[in-house]
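Below is one structure; the comments refer to it alone.
The values are calculated or read from the model by the stated rules, or taken from the named source; none is laboratory data. The shown structure was predicted, so the numbers you read here are calculated from the model rather than taken from an experiment. As a convention, Cβ positions derive from the backbone with ideal geometry for all residues, glycine included, and neighbour counts pool all protein chains shown. Ligands, DNA and RNA are excluded from the accessible area calculation, which covers all protein heavy atoms including side chains. Shrake-Rupley method; radii C 1.70, N 1.55, O 1.52, S 1.80 Å.
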Amino acid sequence: MKLTLKLREVMKEKGVTQMELSKKANVRQAAISELCRNEREEVNLAMLTRIADALNIKDVSVLMQFEETGE
């Protein structure tokens, strides 16, 4: 199993662009892009909190899910 972020899907649902989220959450746009593509190995909890706040998400589990890795 691996933990993946559903940030791209949540942003699409809320009609928010990477640039808008970057400004609202005070997170580099490049970091938002990496999170959307699930290319980051580590995620800072403070950054995840700012993203959730900017997207008006009260339950952070909306942003994450476990996926089977096939191993």
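Number of residues in segment 49-69 that are closer than 19 Å to MET1 by Cβ and outside any loop (DSSP other than H, G, I, E, B) equals 8. Within the option set ILE32, ILE57, being in contact with a Ser or Thr (Cβ under 6 Å, 6 or more places away or on another chain), surrounded by 14 or more Cβ atoms within 10 Å (Cβ to Cβ) and β-branched (Val, Ile, Thr) holds for one residue only, ILE32. Quick one: MET19 ticks every box in (1) surrounded by 13 or more Cβ atoms within 10 Å (Cβ to Cβ); (2) without any contact (Cβ under 8 Å) to a residue 40 or more places away in the chain; (3) out of contact with any Ser or Thr (no Cβ under 6 Å at 6 or more places or on another chain); (4) assigned to a helix (DSSP H, G or I) bar one, so which box is it? With (1) surrounded by 13 or more Cβ atoms within 10 Å (Cβ to Cβ); (2) without any contact (Cβ under 8 Å) to a residue 40 or more places away in the chain; (3) out of contact with any Ser or Thr (no Cβ under 6 Å at 6 or more places or on another chain); (4) assigned to a helix (DSSP H, G or I) applied to MET19, the lone miss is (1).
Selection over segment 1-16 of residues that are open to solvent by less than 40 Å² (accessible area, probe 1.4 Å) and closer than 30 Å to GLY70 by Cα gives a count of 5.
Determine whether ALA46 is surrounded by 14 or more Cβ atoms within 10 Å (Cβ to Cβ), free of Cβ contacts under 8 Å to residues at least 24 places away in the same chain and part of a helix (DSSP H, G or I). No. Filtering segment 17-31 to residues that are within 12 Å of the chain's Cα centre (by Cα) and closer than 13 Å to ALA52 by Cβ leaves LEU21, ALA25, VAL27.
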